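A.B. asks: Right, I'll just put the structure down here and ask away after.
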Amino acid sequence: MAEPKRRMDPYDRIGFRSVLTPEGVCMGTSIKVSVGDKLPLFVRDGTVEHWNRFAAVNDEFAAHHWDPEVAKEEGFPAPFCMAPLQLAFFHAMLRDWTGEDGRIVSVAAKLKGPFFKGQTLTGLACITEINVINGEKHVNLELSQTDETNRTIATGTAQVALSDD
Amino acid sequence: MKATPEMTAIVGKTMRESISHPVTVSDIRKWAIAVYYPQDPPPLFWDENYAVTTKYGGIVAPEEFNPFAWVTQKPSMTDPKVPQTAFSEHELGVEPPEYKAMLLTEIRESYGPTRIRPGDVIRSTVRISDYFERDGRMGHMLYTTLSNEWRNQNDEWIRTTESVFARY
């Protein structure tokens, strides 16, 4: 009998070498953080149902986001997600982790390739540096988004300020 | 492709200014629902009874919320349309270089401690902050950094977005 396929840890896929600390990453009023900690994954399927909702609030109706024929004419195999929504996913991932104790100071992203309809996006983040500035814990993170084929969709960095309880 | 002296001379000058209509709770709720779909967004973005118990004292907008979608006070509905996701030196009366394509390659967001709340009116000021050249996959490319600063009605800094466009 063939050995069942194991899904590779997305963090291993993109080469984060860090190990989760024993206390891990936790939400709540006091977030324990260490350099090397990895945030919970942020996963979204690429669906027109989702992108239509974002188009409606961002007034963003370029046809290559929903019409396969237009996407094909422009050289893409399928409709693809709006860049601002991909950027919003990085923000949502950070907020999911910090809850209301965190303040996003910055998010930067380089767009490496489209996130196509029917694919699954996985957002990842790893803590790279921690500094205390004016009584706040400022946490620097390395960000990445990949699809289910390990293709990198976006990379980036972020800084989040945490209340130092 | 190079930046001409006329292009370099407009670096730092205001290219475009927009003023939002007052932000509504409904705007914030719908934005959060759209971003978090198919999950429910955090109650801070939609539940007034909950939000009043938090350190924010009420509903605030997600950091990436866009108050300029659909229609603004300035430019108004009837003013000439200006694309919000692109730019041209023509907006400052300067002839841009000829190019085959323009791509958005990088976005950098910085946020101040003040959050957008219902009732806020946000002012956006767009400037070209930098030109630089680099060889890329598509040949020699001219990169332009567009800086977009947002302030609220109290002149508190909300956010600065730096968008890097490549032309070739």
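The values are calculated or read from the model by the stated rules, or taken from the named source; none is laboratory data. Here the structure is a predicted model, which means the values were calculated and not measured. Don't worry about glycine lacking a Cβ; one is built from the backbone with ideal geometry, like all the others, and counts go over all protein chains shown.
A.B. asks: State all residues of segment A:48-64 that are part of a helix (DSSP H, G or I), among the small types (Gly, Ala, Ser) and more than 20 Å from the chain's Cα centre (by Cα); if no residue qualifies, say none.
C.D. replies: A:ALA56, A:ALA63
A.B. asks: Quick test for you: out of B:ARG115, B:ARG108, pick the one residue that is assigned to a loop (DSSP other than H, G, I, E, B) and buried (at least 16 other Cβ atoms within 10 Å of the Cβ).
C.D. replies: On inspection, the qualifying residue turns out to be B:ARG115.
A.B. asks: Output yes when any residue across segment B:81-94 is under 28 Å from A:HIS138 (Cα atoms) and among the hydrophobic types (A, V, I, L, M, F, W, C), and no when none is.
C.D. replies: no
A.B. asks: Moving on. Can you tell me which residues in segment A:135-165 are within 16 Å of A:LEU111 (Cβ to Cβ) and not in a strand (DSSP E or B)?
C.D. replies: A:ASP147, A:ARG151
A.B. asks: Now, a different point. Just checking, does segment B:121-132 include any residue being of a type in the set (D, E, K, R) and under 14 Å from B:PRO22 (Cα atoms)?
C.D. replies: Taking every residue of segment B:121-132 in turn, at least one turns out to be of a type in the set (D, E, K, R) and under 14 Å from B:PRO22 (Cα atoms).
A.B. asks: When segment A:65-86 is examined, which residues are found to be within 13 Å of chain B (Cβ to nearest Cβ), assigned to a helix (DSSP H, G or I) and free of Cβ contacts under 8 Å to residues at least 60 places away in the same chain?
C.D. replies: Of everything in segment A:65-86, those that are within 13 Å of chain B (Cβ to nearest Cβ), assigned to a helix (DSSP H, G or I) and free of Cβ contacts under 8 Å to residues at least 60 places away in the same chain turn out to be A:HIS65, A:ALA83, A:PRO84, A:LEU85.
A.B. asks: Just the residues that are away from chain A (no Cβ under 12 Å), touching a residue at least 12 places away in the same chain (Cβ under 8 Å) and either assigned to a loop (DSSP other than H, G, I, E, B) or surrounded by 18 or more Cβ atoms within 10 Å (Cβ to Cβ) (or both), please, taken from segment B:60-88.
C.D. replies: Of everything in segment B:60-88, those that are away from chain A (no Cβ under 12 Å), touching a residue at least 12 places away in the same chain (Cβ under 8 Å) and either assigned to a loop (DSSP other than H, G, I, E, B) or surrounded by 18 or more Cβ atoms within 10 Å (Cβ to Cβ) (or both) turn out to be B:GLN73, B:PRO75, B:VAL82, B:PHE87.
A.B. asks: Condition check: farther than 30 Å from A:ARG103 by Cα and charged (D, E, K, R). Does B:GLU109 satisfy that?
C.D. replies: no
A.B. asks: Ok, one more. Name the residue that is surrounded by the most Cβ atoms within 10 Å (Cβ to Cβ), counting only residues in segment A:64-89 that are hydrophobic (A, V, I, L, M, F, W, C) and farther than 25 Å from B:THR161 by Cα.
C.D. replies: Among those residues, the one meeting the criterion is A:ALA71.
A.B. asks: Now, a different point. Does any residue in segment A:110-121 that is more than 11 Å from A:PHE76 (Cβ to Cβ) come within less than 6 Å, Cβ to Cβ, of a residue that is among the acidic types (Asp, Glu) six or more places away or on a different chain, and which pairs are these?
C.D. replies: A:LYS110/B:GLU106; A:GLN119/A:ASP147; A:THR120/A:ASP45; A:THR120/A:GLU148
A.B. asks: For A:LYS38, work out the one condition from (1) more than 21 Å from A:GLN145 (Cα to Cα); (2) at pLDDT 95 or above it doesn't fulfil.
C.D. replies: (1)
A.B. asks: Quickly run through segment B:136-167 and pick out the residues that are surrounded by fewer than 16 Cβ atoms within 10 Å (Cβ to Cβ) and touching a strand residue (DSSP E or B) at 6+ places or on another chain (Cβ under 7 Å).
C.D. replies: Matches in segment B:136-167: B:GLY136, B:HIS140, B:TRP157.
A.B. asks: Restricting to segment B:19-59, what's the tally of residues that are facing another protein chain (nearest Cβ under 9 Å), buried (at least 21 other Cβ atoms within 10 Å of the Cβ), closer than 18 Å to B:THR114 by Cβ and out of contact with any Ser or Thr (no Cβ under 7 Å at 6 or more places or on another chain)?
C.D. replies: Of the residues in that region, 2 qualify.
A.B. asks: Select from segment A:104-148 the residues that are buried (at least 19 other Cβ atoms within 10 Å of the Cβ), within 14 Å of chain B (Cβ to nearest Cβ) and of a type in the set (D, E, K, R) and list them in ascending order.
C.D. replies: none
A.B. asks: Same structure again: Can you find a residue in segment A:49-57 that is charged (D, E, K, R), at pLDDT 95 or above, out of contact with any Ser or Thr (no Cβ under 8 Å at 6 or more places or on another chain) and over 25 Å from B:LEU103 (Cα atoms)?
C.D. replies: Yes, segment A:49-57 contains a residue that is charged (D, E, K, R), at pLDDT 95 or above, out of contact with any Ser or Thr (no Cβ under 8 Å at 6 or more places or on another chain) and over 25 Å from B:LEU103 (Cα atoms).
A.B. asks: In segment B:127-147, is there at least one residue being among the polar types (S, T, N, Q) and within 19 Å of B:VAL25 (Cβ to Cβ)?
C.D. replies: Scanning segment B:127-147, I find no residue that is among the polar types (S, T, N, Q) and within 19 Å of B:VAL25 (Cβ to Cβ), so the answer is no.
A.B. asks: Right, here's the next one. Of these, B:TYR56, B:TYR36, B:TYR111, B:TYR99, which one is without any contact (Cβ under 8 Å) to a residue 12 or more places away in the chain and of a type in the set (Phe, Trp, Tyr)?
C.D. replies: B:TYR36
A.B. asks: Quick one: A:HIS50 ticks every box in (1) buried (at least 18 other Cβ atoms within 10 Å of the Cβ); (2) within 8 Å of chain B (Cβ to nearest Cβ); (3) farther than 15 Å from A:PHE115 by Cα except a single one, so which number is it?
C.D. replies: (3)
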